[in-house]
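Only one structure is covered here, and it is reproduced in the block below.
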Amino acid sequence: MSKQITALIAAGADGFKNMYDVAVRFPWNDGEDTLTVRATGFEVPDTGVSTYERTYHGVKMHFVKPEQEYDRKFSITFRLDAAYNLYGQFITWLSTVGDVVTGGVSNWAPVFGNVKVTALGGAYSAINYPTLTEADDRIKDMAINAKWEFQNVIVVKVSQPKFDTGSADPLEYSVDFIFGENTLPFFAQKGIQG
């Protein structure tokens with residue numbers, strides 16, 4: 001085998017955009033609801049740190065500031081279910097901080113939920129597909145799957161459906177979330193600090 005073919009095979013399986021699951025724990029539920037089948041995608045908030053510039057004798061250099069560049073918010077777009085059930089749950093969650101019908105507003109979120117996104121890791125084969133139990137174990141195993149978990153989640157906006165008599169496409173709406181604590185893959189590793 002040529003070294004190029006060997007290198008390509010040795011690189012292993014790639015991660016794919018559609019290999020993920022979204023699970024939401026609504027404030028009134030004890031367990032999680034897996035909503036991937038209705039979610040059209042998820043974009044993880046970018047992380048980084050701020051920098052500043054130092055100059056000496058005409059030479060400029062950037063250095064890190066002790067400041068994070070991390071916007072603690074994200075959006076998920078969903079396909080609307082015909083019964084408006086899931087949509088109604090998000091509206092109910094939003095109405096705990098602002099109800100446009102009653103005019104009610106909050107200066108503090110009375111309820112919090114969680115959102116977890118799990119990238120399905122590893123090499124999958126069509127002839128060796130895991131059983132449901134094995135798949136559940138894989139999704140729970142941090143060593144196999146990358147997870148982004150957001151706690152203290154609040155819904156701050158739910159877009160309204162956009163109807164169109166000239167289209168037979170499924171309706172979609174987006175939900176904007178803010179969050180407090182989070183767990184991101186590969187962060188908070190022990191032994192990195194010098």
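We did not get these values from a lab; they are worked out from the coordinates using the rules stated. Just so it is clear, the structure is predicted and the values come from calculations on it, not from any experiment. We place every Cβ from the backbone using ideal geometry, glycine too, and count neighbours over all the protein chains shown.
Brief remarks follow.
- Rounded FRET efficiency, nearest 0.05, which uses the C-beta distance separating T47 from S167 and R0 of 30 Å: 0.20
- Full-extension gain in nm, K65 to M1, via 0.36 nm per residue minus C-alpha separation: 18.1 nm
- At R0 = 35 Å, FRET efficiency that the Cβ-Cβ distance of T34 and A10 yields, to 0.05: 0.55
- Segment 50-94-segment 1-21 distance, computed between alpha-carbon centres (Å): 30
- Per-peptide packing, taken as the mean over residues of other Cβ atoms within 10 Å, places 112-119, 55-62, 12-19 in the sequence 112-119, 12-19, 55-62 from highest down.
- Label corresponding to volume of the Cα convex hull per residue in Å³ when calculated from the structure given, among (1) 298; (2) 130; (3) 211: (1)
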